[in-house]
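These notes are about the structure you will find just below.
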Amino acid sequence: MGETKRGALIIFEGLDRSGKSTQYLRSKGRTVEFIPFPDRSTPIGKLIDMYLRREIDMSEEALHLLFCANRRERVDFIQECISTGIDVVCDRYAYSGVAYSLAKGLPADWVRAGDVGMPQPDVVLFFEVSPEVACQRGGFGEERLETGELQRKVRETMKLLRKPFWQMVNADGDVQTVEGEVRAIVDHLDLHLPLQLLDQI
Ligand code: NYM
Ligand code: MG
């Protein structure tokens, strides 16, 4: 009784978002922290950023580990937020990490082990959009990994990772429809159980 409810860990996967859902949570009086992954502001994130902008090279394995390490850099912050009643919204998470590396052909067990023990999301909102539409978005193709072929593979691989706490959001609809779907989902999250840790991806 009278306890502060913990914050929610909400993940967006699947395509670039405008941050409207963060605005929505704030409008309900909740405090929200938004973390994009890769988080290019951290020491490891800076290396990832240099790789994506073609300034440095590295092996696919090294890159995979850096993406994992980049998420680990933010775990203390995520846990602190959640335990003090602050919601955390992440743009991409372990599922992007696994899907991209599997799509490149890295060994499945090795790839999936990298994020074991990370905080388990309360919900993953998977925004479904066709690769054709994604390719037409502004800026697409400027960075590494942004080829239509890899996108198609990632999309297929991502579907195999689906868990009970995933919710599909049809992102082909107009902005209001998509926003409505997101609201309905985040309004019904059950935050009574403590935050769990991922035992598999
Ligand atoms: N990406 C992102 C990965 O390959 N593995 C990961 O773990 C994460 C989090 O980085 N093409 C890829 C997906 C994108 C690229 O992400 C940069 P963004 O959201 O465009 O900054
Ligand atoms: Mg991008």
Inset, instruction - Examine region 22-29 for a residue that is open to solvent by 60 Å² or more (accessible area, probe 1.4 Å) and closer than 20 Å to residue 150 by Cα, and state whether such a residue exists. - result: no
Legend entry - Restricting region 78-96 to residues that are among the hydrophobic types (A, V, I, L, M, F, W, C) and within 22 Å of residue 111 (Cβ to Cβ), the residue that is farthest from ligand 1 (Cβ to nearest atom): 78
Legend entry - Failed item in (1) open to solvent by 10 Å² or more (accessible area, probe 1.4 Å); (2) touching a residue at least 24 places away in the same chain (Cβ under 8 Å); (3) under 13 Å from residue 47 (Cα atoms); (4) of a type outside the set (Lys, Arg), with residue 62 passing the rest: (2)
Inset, instruction - Determine whether residue 99 is in contact (Cβ under 8 Å) with a residue 24 or more places away in the chain, within 16 Å of ligand 1 (Cβ to nearest atom) and within 30 Å of residue 26 (Cα to Cα). - result: no
Inset, instruction - Output yes when any residue across region 148-165 is more than 19 Å from the chain's Cα centre (by Cα), within 16 Å of ligand 1 (Cβ to nearest atom) and of a type outside the set (Lys, Arg), and no when none is. - result: yes
Inset, instruction - Go through region 35-45 and count every residue that is more than 16 Å from ligand 2 (Cβ to nearest atom) and not aliphatic (A, V, I, L, M). - result: 2
Inset, instruction - Using the structure shown, decide if residue 121 is within 18 Å of the chain's Cα centre (by Cα), part of a loop (DSSP other than H, G, I, E, B) and within 14 Å of ligand 1 (Cβ to nearest atom). - result: yes
Legend entry - residue 145 being within 16 Å of ligand 1 (Cβ to nearest atom) and surrounded by 13 or more Cβ atoms within 10 Å (Cβ to Cβ): yes
Inset, instruction - Would you mind telling me which numbered condition in (1) closer than 25 Å to residue 190 by Cα; (2) within 16 Å of ligand 2 (Cβ to nearest atom); (3) open to solvent by 30 Å² or more (accessible area, probe 1.4 Å); (4) of a type in the set (A, V, I, L, M, F, W, C) residue 116 fails? - result: (2)
Inset, instruction - Please work out if residue 155 is basic (Lys, Arg), open to solvent by 40 Å² or more (accessible area, probe 1.4 Å) and either in a loop (DSSP other than H, G, I, E, B) or within 16 Å of ligand 2 (Cβ to nearest atom) (or both). - result: yes
Legend entry - Residue list for region 68-91, restricted to those being assigned to a helix (DSSP H, G or I), open to solvent by 40 Å² or more (accessible area, probe 1.4 Å) and either touching a residue at least 60 places away in the same chain (Cβ under 8 Å) or within 16 Å of ligand 2 (Cβ to nearest atom) (or both): 79, 83
Inset, instruction - Provide a single number: the residues in region 126-142 that are surrounded by fewer than 16 Cβ atoms within 10 Å (Cβ to Cβ) and within 12 Å of ligand 1 (Cβ to nearest atom). - result: 5
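The values are calculated or read from the model by the stated rules, or taken from the named source; none is laboratory data. Not measured: the values here are computed from a predicted model. Note that each Cβ is placed from the backbone with ideal geometry, even for glycine, and that neighbours are counted across all protein chains shown. Please note that ligands, DNA and RNA were not included when accessible areas were found on the heavy atoms of the full protein model with its side chains. Shrake-Rupley method; radii C 1.70, N 1.55, O 1.52, S 1.80 Å.
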